[in-house]
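A short write-up of the structure that comes next.
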Amino acid sequence: MAIFLLSLLDKCNLNCKHCRSEKKNRMLSLADIKKIVSKVKAAHASVNLTGGEPLLHPQIGDIILLFKKSGIKVSLSTNGTFLTEHKAQRLKSAGLDAINISLDSLDEKFHNSIRNSPTSFKDALNAISTAVEAGLNTRIASVYSKQNISNIVPMALFAMEKGCSAVSFRKILPVGRAEENMLVNKMEDTLFLKNCYTALSLLYPYFNLFIEHPLDPYITSRIFNKKADYIGCGAFKHIFEIKTDGSVFACPALPLKIGNIFTNNLSKIAKNREGIINIEKLRGMCKKCDLKNVCGGCRALAYYVFKEPNEEDVFCVRKEAENIIDEVPILEEKTLLLADEIEHIASLTEDNLKIHLEKSGIKWDRTILENDLRKKSYYWLIRKMGKITGYVWFENGEETRLKAIILDKTLRKQGIGSLLLERLRFASKGKQLIAFVQKSNKISQKFFEANNYKRIGEEKVGFIYRR
């Protein structure tokens, strides 16, 4: 499905370092919107309302209604500054399908520096809470740069905690006011993708991550075994950015005009696009790549380097993507375990738990554990390259009792335990979560406390925690 990125006005209250918008004083009227509605409907497309800051448009509710009455899905992207309770309810009643609120980091100082505002962080947090409370489908929109590539897992956990449905991540591109020192290199881009797909693999379907990257269709298809129905770089086909003067571009980061929404029909605009950006015209390594019809490379980055949109993407991490696919942990839900799974789980547990039990005065007995694992229960197995490297074992009655969460050292360092606990919270559908931790296991005690579990009881050899 095509996506129209529609700039309603150029005005904005912020002056973000990575902004791509033009600082002019134009604004679309309702008459302009009506003309655009008919073309979006004919294209069977959805629309994302942008700016500038779209909430500064005095007729924002009426604009949403115009699209919704024509059966068009509408989302809105905002910095959150002007989202009051009244305005949130207005957006909800108008039928807004989703609201994307910008939050680039959980570090207040860093976010404020990117947005060039001392209050933008608090404004964004208030907007997220206001949108969720109003019943809007709320998503956090975050840009990643050299300075915040480790932000992925904490941001996903934060968004889930706040009641958001998803986080979208996009890379800062060298356009607009973006500074050279903000751009990620190949190694950093690879780490970003690995963190994203790790979080997505362990949280989906309870939470989603939208990863705006040309390689997303390929990596997603390999990890989740499903075929993508679109090419990675939206500049080829499915993105239309419309400026306030009607100018249409194939990508917000690509300064090559392909038509005007008011004076050209969509077939003409599409033909113009193909004359400028075309799979068959790709050069260099992109031309030779076996994924050119799936990924296509980033045309904006190609243009940035060569001033030619069909040139090769020298920032490509195609080779690194294979390692990402191998290293992302895959979660499998089961109620009965196979014999080899029981053996692997018992070995993992022995390596991690034996010393704590013996310190508590309990003799380790692997046979007892193996017998318990043969019974029907709830198990989440975590595999990397087919090998079990962690698991979650719980009972789901009137309350959810976490019997064990065991991870190897690599997974623990990645913060996988917190992701699994958050997934468990959603899977439990509001039930109380209870966990038992041995008294000698100080690491696990700190882990549960860091994840907002409180100690509510004590037994001979351990403590009881509840979320």
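Quick check on my filter: what residues within segment 88-98 are in contact (Cβ under 8 Å) with a residue 40 or more places away in the chain and in contact with a helix residue (DSSP H, G or I) (Cβ under 7 Å, 6 or more places away or on another chain)? Hits for segment 88-98 are 88, 91, 96. Picking from residues in segment 340-370 that are assigned to a helix (DSSP H, G or I) and among the hydroxyl-bearing types (Ser, Thr, Tyr), the one that is least open to solvent (accessible area, probe 1.4 Å) is 349. Within segment 103-137, restricting attention to residues that are in contact with a Lys or Arg (Cβ under 8 Å, 6 or more places away or on another chain) and among the β-branched types (Val, Ile, Thr), the residue that is farthest from residue 172 (Cα to Cα) is 132. With respect to residue 264, is the statement that it is free of Cβ contacts under 8 Å to residues at least 24 places away in the same chain and touching a helix residue (DSSP H, G or I) at 6+ places or on another chain (Cβ under 8 Å) true? It is true that residue 264 is free of Cβ contacts under 8 Å to residues at least 24 places away in the same chain and touching a helix residue (DSSP H, G or I) at 6+ places or on another chain (Cβ under 8 Å). So, in segment 427-453, of the ones that are of a type in the set (Phe, Trp, Tyr) and within 27 Å of the chain's Cα centre (by Cα), which residue ends up most open to solvent (accessible area, probe 1.4 Å)? By that ranking, first place goes to 447. Take the residues in segment 231-246 that are surrounded by 16 or more Cβ atoms within 10 Å (Cβ to Cβ) and out of contact with any Phe, Trp or Tyr (no Cβ under 8 Å at 6 or more places or on another chain); name whichever of them is modelled with the lowest pLDDT. Once the filter is applied, the top-ranked residue is 231. Across segment 389-400, the qualifying residues are those that are surrounded by fewer than 19 Cβ atoms within 10 Å (Cβ to Cβ) and touching a residue at least 24 places away in the same chain (Cβ under 8 Å), and the one among them that is farthest from the chain's Cα centre (by Cα) is 398. Given the structure, is residue 24 within 21 Å of residue 140 (Cα to Cα) and more than 25 Å from the chain's Cα centre (by Cα)? No; evaluated as a whole, the condition is false for this residue. Taking segment 379-455 and the helices (runs of 4 or more DSSP H) fully enclosed by it, the elements with 3 or more residues that are touching a helix residue (DSSP H, G or I) at 6+ places or on another chain (Cβ under 6 Å) are at 416-427. Within 24 Å of residue 326 (Cα to Cα) and at pLDDT 95 or above: does that describe residue 412? Against the criterion (within 24 Å of residue 326 (Cα to Cα) and at pLDDT 95 or above), residue 412 does not qualify. Scanning segment 13-32 turns up at least one residue that is more than 15 Å from residue 249 (Cβ to Cβ), out of contact with any Lys or Arg (no Cβ under 6 Å at 6 or more places or on another chain), part of a helix (DSSP H, G or I) and of a type outside the set (D, E, K, R). Report whether or not residue 275 is more than 22 Å from residue 170 (Cα to Cα), in a helix (DSSP H, G or I) and among the small types (Gly, Ala, Ser). Judged against the criteria, residue 275 is a match. The residue pairs whose first member lies in segment 345-366 and is over 16 Å from residue 442 (Cα atoms), whose second member is modelled with pLDDT under 85 and part of a helix (DSSP H, G or I), and whose beta carbons are closer than 7 Å, counting only pairs six or more residues apart or on different chains, are 364/357; 364/358. Selection of first residues in segment 62-87 that are surrounded by fewer than 24 Cβ atoms within 10 Å (Cβ to Cβ) and of second residues that are among the hydroxyl-bearing types (Ser, Thr, Tyr), restricted to Cβ pairs under 6 Å at least 6 apart or on distinct chains, gives the following pairs, ordered by first then second residue: 73/46; 77/50; 85/130. Scanning segment 311-331 for residues that are part of a loop (DSSP other than H, G, I, E, B), open to solvent by 50 Å² or more (accessible area, probe 1.4 Å) and of a type in the set (Val, Ile, Thr) yields a count of 1. Just one of the listed residues (343, 327, 333, 350) is farther than 30 Å from residue 291 by Cβ, charged (D, E, K, R) and in contact with a helix residue (DSSP H, G or I) (Cβ under 7 Å, 6 or more places away or on another chain), and it is 350.
Screening residue 424 with (1) open to solvent by 40 Å² or more (accessible area, probe 1.4 Å); (2) modelled with pLDDT of 90 or more gives one miss only, at (1). Within segment 278-310, the residues that satisfy the criterion of being in contact with a Pro (Cβ under 8 Å, 6 or more places away or on another chain) and outside any helix (DSSP H, G or I) are 294, 295, 296, 297, 298.
The values are calculated or read from the model by the stated rules, or taken from the named source; none is laboratory data. The model shown is predicted, which means the values in this text are computed figures rather than measured ones. Note that each Cβ is placed from the backbone with ideal geometry, even for glycine, and that neighbours are counted across all protein chains shown. Just so you know, the surface numbers come from the protein's heavy atoms only, side chains and all, with ligands and any DNA or RNA stripped out. Shrake-Rupley method; radii C 1.70, N 1.55, O 1.52, S 1.80 Å.
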